[in-house]
Amino acid sequence: MAIGKKLQELLSCKNITVSQLAKNTGVPASTIYGIINRNNEKVNLDTLNKICNELGVKLEYFTEEGQNESSDELTEYLDMLHKRPEMKMLFSVSKKATKEEVEKAVKIIEMFKGNNNSDGDDI
């Protein structure tokens, strides 16, 4: 799949506009539109790195070598974030949380679901 198509799908899944991406990366919107519309495979590495950093993906996501099960899993997660507002809210709240805080939140959710897989640690 071409870089432009992958970028367009990623923006859609993350509900981010080209204008927002341009503002957050410093990459001109015209450059981003050029990548998307022309499916230009020759993208400046610095530009692509800025886009990857902003969108939270590795550079390999846009290369053929990166198209494997992990990218399928990423697509599944992005789709879930896009389609389920409560998951997006959960992710948004937790992205600045520490590992320990996330682990505690997972234990609480498991408790509510009745999947008490706790190792005995207190919350």
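For the stretch 15-21, take each phi angle, set θ = phi - 60°, evaluate the Karplus expression 6.51 cos²θ - 1.76 cosθ + 1.60, and give the result in whole Hz per residue in order, putting x for glycine and proline.
6, 10, 8, 4, 4, 5, 4
Which whole-Hz couplings ³J(HN,Hα) result when phi for each residue of the stretch 93-110 is put into the Karplus expression 6.51 cos²θ - 1.76 cosθ + 1.60, θ = phi - 60°, listed in order with x for Gly and Pro?
Coupling constants for the stretch 93-110: 5, 8, 5, 9, 7, 6, 4, 4, 5, 5, 4, 5, 4, 4, 4, 5, 4, 4 Hz.
List the pairs from LYS50/LYS83; LYS58/LYS95; LYS6/LYS95 whose alpha-carbon separation is above 19 Å, in the order I gave them. If you can, show how the numbers build up before the last one.
Numbers: LYS50/LYS83 26 Å; LYS58/LYS95 17 Å; LYS6/LYS95 23 Å.
Going by Cα-Cα distance, LYS50/LYS83; LYS6/LYS95 fall outside the 19 Å limit.
Compute, for the stretch 1-42, the length of the dipole vector about the Cα centre, with Cβ point charges of +1 (Lys, Arg) and -1 (Asp, Glu) only. Units Debye, rounded to 20. Intermediate values should be presented prior to the final figure.
Numbers: 6 positive and 2 negative charges, 4 e Å.
Using Cβ point charges on Lys, Arg, Asp and Glu, the stretch 1-42 gives about 20 debye.
Quick note: the coordinates plus some simple rules give every number you see, no bench work behind them. All values reported here derive from a predicted model rather than from experimental measurement. We place every Cβ from the backbone using ideal geometry, glycine too, and count neighbours over all the protein chains shown.
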